[in-house]
Ligand SMILES: [Zn+2]
């Protein structure tokens with residue numbers, strides 16, 4: 001099992017807290033990310049920071065790929081769960097995790113999930 005670097009561990013803990021889910025669930029999503037399951041379509045760079053990413057995420061159950069984009073101001077996904085109910089889906093969470101890992105690799109800083117207000121907003125609409 002891949003052990004996340006310290007900065008990512010802290011990020012995953014914060015993300016779990018914000019989403020109100022167990023950290024194991026977030027760690028599962030982190031571990032789901034591999035070259036076979038997640039393809040990076042675009043990395044959005046603004047100045048020296050990574051402002052967001054666009055990804056294709058393979059469905060857990062079938063060969064379907066969902067297109068997800070995440071950034072400071074919101075997230076979109078082509079999966080049914082998110083487009084019907086405006087809910088946050090696992091692909092968006094995978095998007096934020098991948099974004100944070102890319103940001104750490106490229107700039108030395110992980111994403112601060114508490115700065116992503118849409119995470120809370122989408123969570124609230126899910127109830
Ligand atoms: Zn989705």
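Some points to look at:
Conditions (1) touching a residue at least 12 places away in the same chain (Cβ under 8 Å); (2) farther than 14 Å from residue 98 by Cα; (3) over 13 Å from the mean Cα position of the chain (by Cα), marked per residue:
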site	(1), (2), (3)
3	no, yes, yes
24	no, yes, yes
28	no, no, no
35	no, no, yes
48	yes, yes, yes
62	no, yes, yes
67	yes, no, no
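- Across segment 40-74, the number of residues qualifying as part of a strand (DSSP E or B), more than 9 Å from the ligand (Cβ to nearest atom), closer than 23 Å to residue 24 by Cα and in contact with a helix residue (DSSP H, G or I) (Cβ under 8 Å, 6 or more places away or on another chain) comes to 2.
Quick note: the coordinates plus some simple rules give every number you see, no bench work behind them. Remember, it's a predicted structure, so these values are computed and weren't measured experimentally. When we count neighbours, we look across all protein chains shown, and the Cβ atoms used for this are built from the backbone with ideal geometry, even at glycine.
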